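The values are calculated or read from the model by the stated rules, or taken from the named source; none is laboratory data. Remember, it's a predicted structure, so these values are computed and weren't measured experimentally. Note: ideal-geometry Cβ built from the backbone for every residue, glycine included; neighbour counts use all protein chains shown.
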Amino acid sequence: MAVLEQSWVKVQEKTFGKWLNSKLKTRDVEVKDLVADLSDGPVKVNLIHLLEILSNESLGRYASRPKLRVQRFENANIALDFIKGRRIQLTNIGAEDIVDGNRKIILGLIWTLILRFTISDINEEGLSAKEGLLLWCQRKTACYDEVEVRDFSSSWNDGLAFCALLDIHRPDLIDYDKLDKSDHRGNMQLAFDIAAQEIGIPDLLDVEDVCDVAKPDERSLMTYIAYWFHAFSQMERVENAGRRVEKFVTNMQGAWEMQNNFEKRVKELLRQITAQRRSWAEAIFSGTYLDAKQQGQDFTDYKRTHKRDWVAEKSELFNLLGNIKTKLSTYRLRPYEPPAELSLEALDDAWAKLMLAERSRSQVINETIRDIKNTLRRTFADKANDFALAINTLGTGISGLEGDVEDQLKHTQQIAESLPPLDEYLGIIEDLDTQCQQANIEENDFTTYTFDELTYELGLVRSSVQKKLAFLQNQMVARNMTNLTPIQLEEFESVFRHFDRDGSNSLQELEFSAALASLGLVYDESEMHEKFVEVASGGRTGTVGFEQFIRFMVDVTEDQNTAEQVFESFREVADGKPYVTELDLRHSLIPDELISDLIKSMPEHRGPDLQEDREMPKYDYISFMERFVGDDDGRTQGPNEERER
């Protein structure tokens, strides 16, 4: 029993001594023999130093270098009185116990101080210091199957409890899974070394103090484990504090970013608003409808795009500032107020100015478009009215011509010469009409005329002039054709005008051929071409003019009453057949009353006929002609001769 007691005394002396040195280190004092240095060591104030360090208070005046026993007693009493003054319970401890170096009493005193200043502040769920420290150890090691902490003695023999505490708090320092669970001393030494070197826990115990005894000293273990508790608790406090700082910085960083974002966006929105107002103020209208309409379209596009974006941005900025203030209020931080030039008031002021500028811009555009439309209406009306007056005057001049043909022709030619300038003037009106259409002008109270009407009326005047010129020129030609009867002249002129489709007072080759055919003059294609070239050769345009046409008809009709010509005409009507049908006569455009007379006068044909004519009456024009027309020798040509021919 004495040996066992001697063992725990040595362990406590060593452990408490190391604990004492860890505290006295700040005063550059080292205790080598716990009992001797506290009672009669070279520095006989070590206990007072310890109490001042633990309490962070001064114990007042004391003998700093006590040489006399009475001085050592006084110092011991000062220390004991201070301890009692802190309401620390001391039992059967007097100054003489300390001065005389009572080992057990001194160890008990140190343990009391350890409990008071190192272990008593450990509090887990309201338990006592010892129970709280034990509960802390149990909770931290609960997830380790090989560890079961029941006390501060044999539960720590294998060193795994210390390793588990390291792994749960600092897994970066130890690989618990790779430990040799049977190597108690190795595990213990590893844990002590890491605790001392990496965490700063004083190595109060040696491996043999725990591993080599069946029941390690409870006080020594508690003292040492208390260091672990404080070290890891401090680490957790630092980590918690770090997390709080991190959270604070994160939140503040978010708030700062929100503030910077707010100021940046407000500045950009104000810049865009200012730029838009400046753009409107500097806008210039060119005076055309297209330009004004384009500026109006640009204004409409602004309201559909930029303005809507700005309205949304303005709303988001209001919400953003509210969120910033809420965030800062949540963390009880000083509220944020943006710079005056970037405040919501400044934004509202800029927005109000934008709305005024927008209203003014809309009014200017609308007024400009109205003015341009009215100007277009008046300009078009003035030109159209003047043009209508001019063509009405020309039309009246044409319709009112009287007197000699030469005078009428001269006046008509003067009118014709005035038409090209009207074409140019009409081009101006057309351009104005295009502008009016582009401006969507559908009504004009300043005129009743439209461009289409004026174009049509000018065409009528031009046609009237051309027809009048052709008529007068033809009249002069007809006046010189004395060898034609008025009826013939009227017929030829009527045919010429009918086939003069373009009113040019001339006939193309096809028109010339059709005109001759309508007059009963039919030629084959080559012969017709030769006659056209012959007749048109006197002209300059490769066409047959009226005078050329009349002269040709004079040449053709001069001998139209000869027997040969009449007989040839009947043969052409009959298409070379020795008889003629009523249908043949009608195809030759002979008047109906004359056809009726001819049918009554001509005898029926008795000879051979064509298949297609067998169902209709056939008339013998040869016999008919023999009764009225003689041959060139003065005798009539019989039907047999004609049939043979």
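When both residues are 6+ apart or on different chains and their Cβ atoms are under 6 Å apart, which pairs have a first residue that lies in the stretch 334-352 and is closer than 27 Å to ASN251 by Cβ, and a second that is not in a helix (DSSP H, G or I)?
none
Can you tell me which residue among ARG170, ARG185, ARG150 is surrounded by fewer than 17 Cβ atoms within 10 Å (Cβ to Cβ), out of contact with any Gly (no Cβ under 8 Å at 6 or more places or on another chain) and in contact (Cβ under 8 Å) with a residue 24 or more places away in the chain?
Result: ARG170 is the single residue among ARG170, ARG185, ARG150 that is surrounded by fewer than 17 Cβ atoms within 10 Å (Cβ to Cβ), out of contact with any Gly (no Cβ under 8 Å at 6 or more places or on another chain) and in contact (Cβ under 8 Å) with a residue 24 or more places away in the chain.
Could you please find all residues in the stretch 425-452 being in contact (Cβ under 8 Å) with a residue 12 or more places away in the chain and either out of contact with any helix residue (DSSP H, G or I) (no Cβ under 7 Å at 6 or more places or on another chain) or among the hydroxyl-bearing types (Ser, Thr, Tyr) (or both)?
Correct list: TYR425, ASP445, THR447, TYR449, THR450.
Among the residues of the stretch 168-183, is there at least one that is under 16 Å from LEU221 (Cβ atoms), outside the structural domain of TRP8 (by TED's automatic domain parsing) and not in a loop (DSSP other than H, G, I, E, B)?
Among the residues of the stretch 168-183, not one is under 16 Å from LEU221 (Cβ atoms), outside the structural domain of TRP8 (by TED's automatic domain parsing) and not in a loop (DSSP other than H, G, I, E, B), which makes the answer no.
Hey, can you tell me all the residues within the stretch 191-201 that are assigned to a helix (DSSP H, G or I) and either surrounded by 13 or more Cβ atoms within 10 Å (Cβ to Cβ) or in contact with a Gly (Cβ under 9 Å, 6 or more places away or on another chain) (or both)?
Here is the first cut: in the stretch 191-201, the residues assigned to a helix (DSSP H, G or I) are 191-199.
The answer is ALA191, PHE192, ILE194, ALA195, ALA196, GLU198, ILE199.
Could you please let me know if ARG103 is farther than 23 Å from GLU52 by Cβ, assigned by TED's automatic domain parsing to the domain that holds LEU47 and either surrounded by fewer than 19 Cβ atoms within 10 Å (Cβ to Cβ) or in contact (Cβ under 8 Å) with a residue 24 or more places away in the chain (or both)?
On the way: farther than 23 Å from GLU52 by Cβ: yes; assigned by TED's automatic domain parsing to the domain that holds LEU47: yes; either surrounded by fewer than 19 Cβ atoms within 10 Å (Cβ to Cβ) or in contact (Cβ under 8 Å) with a residue 24 or more places away in the chain (or both): yes.
Yes.
In the stretch 495-507, is there at least one residue being closer than 20 Å to GLU547 by Cβ and among the acidic types (Asp, Glu)?
yes
Which helices (runs of 4 or more DSSP H) does the stretch 18-105 wholly contain that include 1 or more residues that are touching a helix residue (DSSP H, G or I) at 6+ places or on another chain (Cβ under 6 Å) and at pLDDT 80 or above?
Hits in the stretch 18-105: 46-55, 69-85.
Could you give every pair whose Cβ atoms fall below 7 Å, whose first residue belongs to the stretch 565-580 and is free of Cβ contacts under 8 Å to residues at least 40 places away in the same chain, and whose second residue is part of a loop (DSSP other than H, G, I, E, B) and surrounded by fewer than 14 Cβ atoms within 10 Å (Cβ to Cβ), counting only separations of at least 6 or pairs across chains?
The qualifying pairs are GLN565/ASP559; LYS577/LEU610.
Which one of these does THR448 not meet: (1) out of contact with any Lys or Arg (no Cβ under 6 Å at 6 or more places or on another chain); (2) surrounded by 12 or more Cβ atoms within 10 Å (Cβ to Cβ); (3) within 30 Å of THR375 (Cα to Cα)?
(2)
Among ALA226, ALA255, ALA281, ALA214, which is of a type outside the set (Lys, Arg), under 30 Å from THR375 (Cβ atoms) and touching a residue at least 60 places away in the same chain (Cβ under 8 Å)?
Going through ALA226, ALA255, ALA281, ALA214 in turn, just one is of a type outside the set (Lys, Arg), under 30 Å from THR375 (Cβ atoms) and touching a residue at least 60 places away in the same chain (Cβ under 8 Å): ALA281.
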